[in-house]
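One structure below.
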Amino acid sequence: MSEPTIRLAAFAGIFLAMTLWEVLAPRRPWAVGRSARWPGNLGMVVIDAVAVRLLIPTAAVGVALLAEARGFGLFHWLGWPTVLAGLVGFLVLDLVIYGQHMAFHHVPWLWRLHRVHHADLDVDVTTGVRFHPVEILLSMVVKMATVALIGIPVAAVVAFEVVLNATAMFNHANVVLPAWLDRIVRLILVTPDMHRVHHSVIRSETDSNFGFNLPWWDRLFGTYRAEPAAGHDGMTIGLPIFRNPAELRLDRLLTQPFRQPAGEEDGVAVRSSPR
Ligand SMILES: [Zn+2]
């Protein structure tokens, strides 16, 4: 199977599974629901995929293939066995994505791109793929640079891309995970309850739980929050701005980074002090 086929099949399988889970055991009642949100959110993932194919067709996997062929990158210079380089490479990519996510929150012009993801008024499986195409392209460039410099093996890059896509859909899903199971899973994987804190309208909660795959970086760097202050049922999802449901439309999503609602503050300049 070719790499795009693997990724598409994994995406479709996880998407269907999480949607079924959401229908059978939803975690929270909807604020807005699916019909107003899905066309915009799914439109974004299609545009993102097309944008990457058109503008950076090699993507991260192409860079890994090239680095392998030319013997470029740290792990190739060190001559590490592929399995070890793959495992460490996977961890490095996850740490880089964690750091990149923090940058997207703390650098004002990056936040303008990333807040499109946060402006969703419910969090469900489609929120996990709702990113502005410019954010997706920037993220791809960061991944490509990491893969080239570290010399991460091809298999690890493919695995990381598939796993990141899958965990993003899993931990944005509006699903019930029994508390005892959440506690166990959360030791090795970011769970829906852990990530939902990150979608709270309260800025100090938005600026926590940055991890997408591994929960360890948040614990290590002090950005971990176990749960929202108002609880999962009482919390409000989204941002203080862009709360008009018209903002869920695809055309509005694409232009959000370039609009600042008059008289409204999106919180980036008045963020609470670091913890
Ligand atoms: Zn975020």
Quiz item: What does the charge dipole of the chain about its Cα centre add up to, to the nearest 20 debye, if the Cβ of each Lys and Arg holds +1 and the Cβ of each Asp and Glu holds -1?
Solution: 120
Practice problem: Springs between alpha-carbon atoms under 10 Å, Gaussian network over the chain: tell me which of Thr126, Thr223, Thr191 tops the mean-square fluctuations. | Solution: Thr223
Exercise. Go through Val162, His195, Leu253 and say which Cα lies farthest out towards the positive end of the charge dipole of the chain; charges sit on Cβ, +1 for Lys and Arg, -1 for Asp and Glu.
Key: Leu253
Quiz item: If each residue's Cβ is checked for other Cβ atoms within 10 Å, how do Asp124, Asp182 rank with the fewest at the top?
Solution: Asp182, Asp124
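If the viscosity is 0.890 mPa s and the temperature 25 °C, what Stokes-Einstein diffusion coefficient in µm²/s follows for region 1-48 when Rh is the Kirkwood radius over Cα pairs? Mind showing how you got there, number by number?
Numbers: Rh = 12.6 Å.
Using the Kirkwood radius from Cα pairs, D works out to 195 µm²/s.
Can you tell me the FRET efficiency between Ala31 and Ser2 if r is taken as the Cβ-Cβ distance and R0 is 35 Å, rounded to the nearest 0.05? Show your work: numbers first, answer last.
Values: r = 40 Å, r/R0 = 1.13.
The computed FRET efficiency comes out at 0.30.
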Practice problem: On a C-alpha basis, how far is the centre of region 3-21 from the centre of region 171-247 in Å? Whole number, if you could? | Solution: 22
Exercise. Have a look at Pro228, Pro39, Pro29 and tell me which one the Gaussian network model of the chain (Cα, springs below 10 Å) gives the largest fluctuation.
Key: Pro29
Quiz item: Okay, helix-only estimate at 222 nm for the chain: each DSSP H run of n ≥ 4 adds -39500 (n - 2.57), divide by all residues, round to 500 deg cm²/dmol; what do you get?
Solution: -18000 deg cm²/dmol
Quiz item: Does region 113-245 classify as rounded, prolate or oblate by the C-alpha gyration tensor (a ≥ b ≥ c root eigenvalues; a/c under 1.5 gives rounded; else a/b over b/c gives prolate, otherwise oblate)?
Solution: oblate
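For Cα pairs less than 8 Å apart in space and 6+ apart in sequence, what is the mean separation divided by the residue count of the chain, i.e. the relative contact order in percent?
Details: 388 pairs, mean separation 72.8, N = 275.
RCO, the chain: 26 percent.
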Quiz item: Against the longest principal axis of the chain, how steep is helix 82-106, in degrees 0 to 90 to the nearest 10, with axes from Cα atoms?
Solution: 30
Quiz item: Modelled label-to-label distance, Val88 and Arg249, 7 Å Cα→beta-carbon offset: nm?
Solution: 5.2
Quiz item: Using the scaling law 2.2 N^0.38 Å as the reference, what is the normalised Cα Rg of the chain?
Solution: 0.99
Self-check item: region 84-178 shape via C-alpha gyration tensor axes, a/c threshold 1.5
Solution: oblate
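Could you compute Rg(Cα) / (2.2 N^0.38 Å) for region 180-244, with N its residue count? Please list the in-between numbers first.
Numbers: Rg = 11.9 Å, N = 65, 2.2 N^0.38 = 10.7 Å.
Cα Rg divided by the expected 2.2 N^0.38 Å: 1.11.
Report the extension gain between Asp182 and Ala159 in nm, rounded to one decimal, defined as 0.36 nm multiplied by the number of residues separating them, less their alpha carbon distance.
Values: separation 23, 0.36 × 23 = 8.28 nm, distance 2.37 nm.
Between Asp182 and Ala159, full extension yields an extra 5.9 nm.
Bear in mind these aren't lab numbers, they're just calculated from the coordinates by the rules spelled out. These numbers come from a predicted model, not from an experiment. Note that we place each Cβ from the backbone using ideal geometry, even for glycine, and neighbour counts take in every protein chain shown.
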